[in-house]
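One structure below.
Since every read-out is calculated from the coordinates, none of them should be taken as a lab result. Note that the structure is a prediction, hence the values are computed from the model and not measured. Here the Cβ positions follow ideal geometry from the backbone for every residue, glycine too, while neighbour counts run over all protein chains shown.
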Amino acid sequence: MKLLENKVAIITGASRGIGEAIALKFAEHGAHVAFTYLSSDERAKALEEKLIALGVKAKGYKCDAGDYKSTEDLATEVLKTFGTIDICVNNAGISKDNLLLRLTPEQWDDVMQANLRSVYNLTRQVIKPMMKARSGSIINLSSIVGIKGNGGQSAYAASKAGVIGFTKSIAQEMGTRNIRCNAIAPGFIETDMTHYLKGDGAEKWFEKIPLGRFGKPEEVADTALFLASGMSNYITGQVISVCGGMNM
Ligand code: NAP
């Protein structure tokens, strides 16, 4: 059964990792997909082709999610091409890890811009068509680090905790308009972002994970599919951890 037949989804940061897995999962379930990326032109082109081969409309947009004007232009273009926006996944994100004494103001600002400001930027654009349609699902990528904190990741953790506060606020503001807003809090997922953790010392991380392994991007995409679809129609303002049991 296809869960998103003819829905239109916009996904930020889908040229790699979790965003790419969500784009493919949504398209497999019949959604038309507009997605963004920052610099991976070739990977974005390849994804666009893969999505179209699944029989849906798809287009990749080079757009800095942290820049308000760019996201405004993006939403205008997507509405022109796709007609509406039913689902928004704010996935784009970066990590710049450093102990606080070494964390520069520039690093702090970069992380906030890419991880938190970006979520405000695009959400503010997509609620307009969603209010018109009196329906919508917004899914924000947080992290278990945003719930528990993590030494050496204060900027990243603060940005991801901010995503949770934003998510719950939008859920309250938009509930009567039938617009839902939820967050996903992944643990360690196998992508470029966590690549540096693998190798010789991987076992020490596995010990901290009850399921004993890193997660796969597709396993986060399954949760995004659930939150995007009618299967979660009565769920809003929630944070779902996809972390192999790390958050207990
Ligand atoms: P990733 O493999 O590093 O991919 C990041 C994606 O975001 C890429 O497509 C990148 O585009 C894009 N991007 C980065 N900055 C952007 C910007 N300013 N504007 C538009 N696109 C931008 O990351 P990931 O591991 O899939 O993570 C996806 C999300 O899940 C992030 O929000 C991350 O914080 C969150 N998360 C990940 C993990 C994990 O273990 N991997 C755990 C918890 C939360 P380019 O390819 O063009 O650079």
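With the cut-off at 1.5 for a/c, could you classify region 149-213 from its C-alpha gyration tensor as rounded, prolate or oblate? Prolate is the answer for region 149-213, as a/c is 1.5 or above and a/b outweighs b/c. Between amide H atoms placed 1.01 Å from N, distances below 5 Å from residue 89 occur with 10, 11, 12, 139, all of them 5 or more places distant or on a separate chain. So how far apart, in nm, are the two label points at residue 43 and residue 196 if each is 7 Å from Cα heading toward Cβ? For residue 43 paired with residue 196, the spin-label model returns 1.6 nm. Sorting 208-216, 220-228 by their mean Cβ neighbour count within 10 Å, with the most densely packed peptide first, gives 220-228, 208-216.
Annotation: amide H-H contacts under 5 Å for residue 239 (H modelled 1.01 Å from N, sequence separation of 5 or more, or interchain): 183. Under 25 Å of direct C-alpha separation, and excluding same-chain neighbours fewer than eight residues apart, residue 148 reaches these lysines: 96, 160, 168, 198, 204, 208, 216.
Considering only alpha-carbon pairs that sit under 8 angstrom and 6 or more positions apart, the relative contact order computed for the chain is 20 percent.
In this rough spin-label picture, where each label sits 7 Å from Cα along the Cβ direction, the residue 216-residue 80 distance is 3.9 nm. Taking the average, over residues, of other Cβ atoms within 10 Å as the packing measure, peptides 168-178, 113-123 rank 113-123, 168-178 from highest down.
With a sphere of radius 10 Å drawn around the Cβ of residue 117, what net charge do the other residues whose Cβ falls strictly inside it have (Lys, Arg +1; Asp, Glu -1)? Walk me through the intermediate numbers first.
Numbers: positive: none; negative: 67, 109.
That works out to -2.
Sites listed here are trypsin sites (Lys or Arg not before Pro) in region 17-58 whose DSSP assignment is loop and whose Cβ has at most 16 other Cβ atoms within 10 Å: 57.
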